[in-house]
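Heads up: the structure comes next, in structure tokens.
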Amino acid sequence: MLCSWRVKLKLLLTTVTLAVLLSWLYLFVGSLEYGRFLLLPPCLGEQASREVEQEALASRVRRVEEENQQLRLQLSQVEGSNGSPQWGASAEDGDPPGGERSNRTACPKQWMVHKCELLHVAIVCAGHNASRDVVTLVKSILFHRKNPLHFHFITDSVAHQILQTLFQSWMVPSIHVSFYNAEDLKAGTCPPLCLPEVSWIPNKHYSGIYGLMKLTLTKALPSNLSKVIVLDTDITFATDIAELWAVFGKFSDKQVIGLVENQSDWYLGNLWKNHRPWPALGRGFNTGVILLLLDHLRRLGWEQMWRLTAERELMSMLSTSLADQDIINAVIKQDPALVYRLPCFWNVQLSDHTRSEQCYTEVSDLKVIHWNSPKKLRVKNKHVEFFRNLYLTFLEYDGNLLRRELFGCASLPSPPSNQLQQALEELDEDDPCYDFRRQHLTQHRIHLFFLQYEFLALPDPTDVTLVAQLSMDRLQMLEAICKHWAGPISLALYMSDAEAQQFLRYAQASEVLSARRNVAYHIVYKEGQFYPINLLRNVALANTQTPYVFLTDIDFLPMYGLYDYLRNSIQQLELPQRKAALIVPAFETLHYRLTFPKSKAELLSMLDMGSLYTFRYHVWPKGHAPTDYAKWRTATMPYRVAWQPDFEPYVVVRQDCPKYDQRFVGFGWNKVSHIMELDAQEYELLVLPNAFMIHMPHAPSFDISKFRLSAGYRGCLQTLREEFHQDLSRRYGAAALKYLTAERSL
């Protein structure tokens, strides 16, 4: 308390000094203004002298204000350490938890974090769900942060692919990301006679073996990394993480790990009859938020320390219930001097039996929210609505807004960032097609495998994945497509952060969608004014795992059994030995309710009765006329057709086919250009005689409306077509001249 009063007294004196200086400055400036008002011009030398004096006075005021702010920060830290609830602990903030209070009269040491200091954060993340949860944690950190950050992710192969793509496409300035293979930490990389790292520890916690990974961080993280903040994926920050990093400066020479006391009675052993927890100091500590002094832990022999403790306790406990938390608490029980007791607001725990309400009285008290109940947002707490709203704020927050520079810190942009910035600077803003060109260069955030995906590619040389893209207004097509297509599906969804969460709830509530594990959903986050249709197609195409792909659109329903028919056709036509594109003839209905034909014979009957039509025959016949529907009616064998201008069929091709040209955004020429390139690469175009797909009616898209209403839109599309022809000629030489000649002849 003596330290607190010292700081308060100094703050009072500084505030009085600041008030006097401000009053002096006010009167001084007022006298200058009054002199001007009376039209009494001072001599030039006197005026210059007064200006210098005025600037010096203003500089002094700024220095006093800065000192005032520093004193306020110190005072808040002192009050936080003396006044924060400690869950029954008698020690001051920073004292050893054994109960012995030192006889100190000096202030606790303060450690100010420089705004450009690099802060290190380690997170264990495995699987699709955890990869989705960790994004909300990262958003909450980025929202408040003022420092460069280095994230260290210990991941399985699934999380590695998802998070690596996400951060590469997010391109947040002053963010570094490193990945460490969790598989190496499960069983270790030592010779056969060595003990595995953590796979030998029986664990009942729902996190599985990954809940034990934090024990290995001294070995897993770089040897030159001296300290790190370790976080669970179910954490939400409500403040700048630099405040937590500053707490390292309060550690004593013996303290190596910072933890918040557990906010339930779990380790007291009184939650139910015969409840027998692992040994812990008092209530024990929660490991959702950890401060680790890695260099100190390595010198102490941390790996041997926790391993010996675990071996001894497992002889009687048989398994862990709370994964790494049980073992860390057992180590602290043996040596309480190791732990620095963090104030409880650094880990407000919303577990099933939490007493976290005793930790806070005001919203401003909250620093970190921890959803450490298996029920997550459904946990019972009288303030859970407030906590839930805080979490939802970051869950649905537009991640594009977090791409902000840290002013005053020299950051080293990544090469892709440099190249993108250079390309943007080279654009001519007076170009009528500037918006199209800028959209082409836009870097979209991409979250691969947004939902659980468990399809294992079999060694089947004929397997095929349905590939499509969609936005929120086509979501209703998903269930119908899943009923028509039993094989794997790869979808790219163009959505905002909030829409992605709506889709998640929709998919989880759908019996049809939730039952499928071979449908991959890849979120491409919205940015810009045009629909990046070919980027979406390329994302879905690149993340397929089968040798062949069926390139379609989301508003088409494939015939029942098409998946098996295509696989048989690939085998019969010996497609692995030839370069060919199999065409699935497209039809359409104008009726929202349709009795879907079960065979080609039924389809032909409906075609004759006028309830079905060849696709776009009345709007854009050139798009599918080369399919030769008249021949298809009686065909029993696949037949070859020639490329013609504006031909845009739906095809089955090898997975390594050419990518779609991403300069085409919005409506127009996005498929035409792709078929043209297939033809330039000498793909055979083969029409399948017993395959079909039907387009279902829907409201016109926003982009097609712009195309129809805007002459400028159509003019830019023509410009992009001409540029595409030029690029095609450069890549394929004289063989590509036929496309330009054919276009000009129309």
### Query
Can you spot a residue in region 211-233 that is surrounded by 13 or more Cβ atoms within 10 Å (Cβ to Cβ), under 26 Å from the mean Cα position of the chain (by Cα), under 21 Å from residue 372 (Cα atoms) and of a type in the set (Asp, Glu)?
yes
### Task
Search region 726-738 for residues that are assigned by the TED database to the domain that holds residue 682 and surrounded by 14 or more Cβ atoms within 10 Å (Cβ to Cβ) and pair each with any residue that is at pLDDT 75 or above and small (Gly, Ala, Ser) when their beta-carbon atoms are under 7 Å apart and the residues are at least 6 apart or on different chains.
728/680; 732/680; 735/680; 736/680; 736/729
### Message
For region 474-503, which positions are within 23 Å of the chain's Cα centre (by Cα) and surrounded by fewer than 17 Cβ atoms within 10 Å (Cβ to Cβ)?
### Response
498, 501, 502
### Query
Hey, among the residues in region 617-663 that are under 18 Å from residue 600 (Cα atoms) and in a helix (DSSP H, G or I), which one's most open to solvent (accessible area, probe 1.4 Å)?
634
### Query
Tally time: how many residues in region 666-683 are open to solvent by 10 Å² or more (accessible area, probe 1.4 Å) and more than 28 Å from residue 612 (Cβ to Cβ)?
6
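Yes/no per residue for (1) more than 22 Å from residue 197 (Cβ to Cβ); (2) out of contact with any helix residue (DSSP H, G or I) (no Cβ under 8 Å at 6 or more places or on another chain); (3) in contact (Cβ under 8 Å) with a residue 40 or more places away in the chain:
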site: 277; (1), (2), (3): yes, no, yes
site: 283; (1), (2), (3): yes, no, yes
site: 305; (1), (2), (3): no, no, no
site: 319; (1), (2), (3): no, yes, yes
site: 328; (1), (2), (3): no, no, yes
site: 342; (1), (2), (3): yes, no, yes
site: 349; (1), (2), (3): yes, no, yes
#### Entry: Top-ranked residue of region 244-303 - restricted to ones that are aromatic (Phe, Trp, Tyr) and part of a loop (DSSP other than H, G, I, E, B), ranked as surrounded by the fewest Cβ atoms within 10 Å (Cβ to Cβ)
272
### Query
farther than 13 Å from residue 558 by Cβ, surrounded by 16 or more Cβ atoms within 10 Å (Cβ to Cβ) and in the same structural domain as residue 500 (by the TED database): does that describe residue 456?
no
### Task
Quick one: residue 338 ticks every box in (1) exposed (fewer than 15 other Cβ atoms within 10 Å of the Cβ); (2) modelled with pLDDT of 90 or more except a single one, so which number is it?
(1)
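Name the one entry in 728, 709 that is farther than 29 Å from residue 484 by Cβ, hydrophobic (A, V, I, L, M, F, W, C) and at pLDDT below 90.
That would be 709, the only listed residue that is farther than 29 Å from residue 484 by Cβ, hydrophobic (A, V, I, L, M, F, W, C) and at pLDDT below 90.
Report whether or not residue 444 is open to solvent by 30 Å² or more (accessible area, probe 1.4 Å) and either in contact (Cβ under 8 Å) with a residue 60 or more places away in the chain or within 21 Å of residue 508 (Cα to Cα) (or both). Working first, answer last.
Numbers: open to solvent by 30 Å² or more (accessible area, probe 1.4 Å): no; either in contact (Cβ under 8 Å) with a residue 60 or more places away in the chain or within 21 Å of residue 508 (Cα to Cα) (or both): yes.
It is false that residue 444 is open to solvent by 30 Å² or more (accessible area, probe 1.4 Å) and either in contact (Cβ under 8 Å) with a residue 60 or more places away in the chain or within 21 Å of residue 508 (Cα to Cα) (or both).
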### Task
Determine which member of the set 587, 503, 530 is under 19 Å from residue 687 (Cβ atoms) and either in contact with a helix residue (DSSP H, G or I) (Cβ under 9 Å, 6 or more places away or on another chain) or among the charged types (D, E, K, R) (or both).
587
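The values are calculated or read from the model by the stated rules, or taken from the named source; none is laboratory data. The structure presented is a predicted model; accordingly, all values stated were derived computationally and were not measured. So basically every Cβ, Gly included, is an ideal-geometry build from the backbone, and we count neighbours across all protein chains shown. We work out accessible area using only protein heavy atoms, side chains counted, and drop any ligands, DNA or RNA first. Shrake-Rupley method; radii C 1.70, N 1.55, O 1.52, S 1.80 Å.
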